[in-house]
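For reference, the structure discussed in these notes is given below.
Bear in mind that the values in this text are calculations on the coordinates, not laboratory data. All values reported here derive from a predicted model rather than from experimental measurement.
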Amino acid sequence: MSEFTTNTASAESAAPVGHWLGAWIFIPASLGPTGEHRNGYLRRGGDHVPLLHCSVDLAEFAELMADIEAEFSRGYAARQERV
């Protein structure tokens, strides 16, 4: 599955939900615990790349890819049950 959830140390902040994009993890834009806007970013190991202009587009792409993956998995599982 391409999505993941991480737990945060602070009970106030929601756990960020991200998508694996190859070796990178994409974390979409969100609102922080006090309502401030947080830009989306890519993360890999210690690298952190803020996405100031394309976060919304990348979020739409990641969601679409996750939907395609889920639909394919459902179809594949249904075919395996018939075999």
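Structure values in brief
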{"quantity": "Under 5 Å, built H, 5+ apart or other chain: amide partners of LEU21", "calculated": "PHE26"}
{"quantity": "Length released on extending from ILE68 to VAL17, taking residue separation times 0.36 nm less the Cα-Cα span", "calculated": "16.6 nm"}
